[in-house]
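**Student:** Take this structure, written in structure tokens, and hold onto it; I'll ask about it next.
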Amino acid sequence: MKAIRFVIEQELVNYKVPTSFQLKESYPLPPYSTVIGMIHSMCGFLEYQPMKISVQGKYHSKVNDLYTRYEFKPGMRYEAKRHQLEVGGFGIGKGVATAELLSEVEVMIHVIPEDETLITKIIEGICQPLEYPSLGRREDLAIIKDVVCVEVDKKMIERDSELSNGYSAFIPDVKNLFDQIEVEASDASIAKNTAGTYYMINKEYKLVNKGTKKSPKVFRQWKKVKVLYASKITVLEEAKMMVDQDNNFVFAI
């Protein structure tokens with residue numbers, strides 16, 4: 001099958017964990033939904049285009065940064081002793097919060113659209129985006145490099161092989177995949193092939209009305225994917241693994 005492979009470099013970035021608030025935590029790599037959203041934005045897609053995504057990469061370190069946080073509750077009237085700002089008679093709290101940032105990020109992404117006829121349009125969108133490319137927050141600018149169309153095939157690995165460039169990866173929890181890799185564990189009590197951090201990350205959503213026809217309340221219902229985030233990954237000999245034409249492993253879902 002055909003895939004689009006490209007590399008993204010970012011100086012400082014936050015891939016926000018949805019359930020983090022006081023400290024805006026970051027995933028170590030961009031979740032699938034963030035990558036899919038960036039591609040749809042750059043290509044100008046108005047409807048969801050199904051696609052498989054593989055994400056792997058690395059970062060140098062983590063730092064914490066301060067930002068201004070605004071809090072408000074619908075219908076809460078302004079109280080001088082409680083709120084810092086007043087808008088139309090309603091009160092808004094203003095304070096300081098902390099965001100976790102990854103520095104010197106490099107990410108390699110494979111995109112496999114369900115409709116192969118979209119490959120040319122996606123490559124054009126990545127190379128000539130409709131707006132500046134960002135991944136993570138709106139201000140997290142992305143430098144995109146090495147955009148190519150590659151062939152991806154399932155092959156038997158002839159000898160134990162590590163991920164290139166010292167990359168870590170999101171490895172989806174799919175049948176037999178965990179049995180075909182080994183992860184160097186820092187704790188001898190941890191099974192080597194499952195050492196790492198498990199996440200439930202968003203991939204795609206559908207709109208669901210939780211209200212009525214007369215008074216609709218539409219929410220995004222996310223499809224979550226269980227993944228293992230790990231570094232120092234070795235794909236074992238005789239494993240059957242998705243690989244692109246340049247021998248980069250592809251953990252697509």
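The values are calculated or read from the model by the stated rules, or taken from the named source; none is laboratory data. In this text, all values refer to a predicted model and were calculated from it rather than measured experimentally. Because the Cβ atoms are built from the backbone with ideal geometry, glycine has one as well, and the counts that use them run over all protein chains shown.
**Student:** State all residues of region 74-85 that are surrounded by 10 or more Cβ atoms within 10 Å (Cβ to Cβ) and either touching an Asp or Glu at 6+ places or on another chain (Cβ under 8 Å) or free of Cβ contacts under 8 Å to residues at least 12 places away in the same chain (or both); if no residue qualifies, say none. Please lay out each step first, then the result.
**Tutor:** Kept after step one, since they are surrounded by 10 or more Cβ atoms within 10 Å (Cβ to Cβ), are these residues of region 74-85: 76-78, 82-85.
Correct list: Y78, R82, H83, Q84.
**Student:** Only residues in region 93-104 that are more than 13 Å from H60 (Cα to Cα) count as the first member; pair them with residues that are in a strand (DSSP E or B) and hydrophobic (A, V, I, L, M, F, W, C), Cβ under 7 angstrom, at least 6 apart or cross-chain, and list the lot.
**Tutor:** As it stands, the answer is K94/L85; V96/L66; T98/L23; T98/L66; E100/L23, since those pairs meet every condition given.
For (1) over 29 Å from G37 (Cβ atoms); (2) of a type in the set (F, W, Y); (3) surrounded by fewer than 20 Cβ atoms within 10 Å (Cβ to Cβ); (4) under 19 Å from the mean Cα position of the chain (by Cα), each residue gets a yes or a no:
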| site | (1), (2), (3), (4) |
| --- | --- |
| E104 | no, no, yes, yes |
| R138 | no, no, yes, yes |
| I144 | no, no, yes, yes |
| R159 | yes, no, yes, no |
| F170 | no, yes, no, yes |
| N176 | yes, no, yes, no |
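**Student:** Inside region 1-53, can you point out the residues that are β-branched (V, I, T) and assigned to a helix (DSSP H, G or I)?
**Tutor:** Passing the criteria: T34, V35, I36, I39.
**Student:** What single numbered condition from (1) surrounded by 15 or more Cβ atoms within 10 Å (Cβ to Cβ); (2) at pLDDT below 95; (3) not in a loop (DSSP other than H, G, I, E, B) fails to hold for T68?
**Tutor:** T68 satisfies all of (1) surrounded by 15 or more Cβ atoms within 10 Å (Cβ to Cβ); (2) at pLDDT below 95; (3) not in a loop (DSSP other than H, G, I, E, B) except (1).
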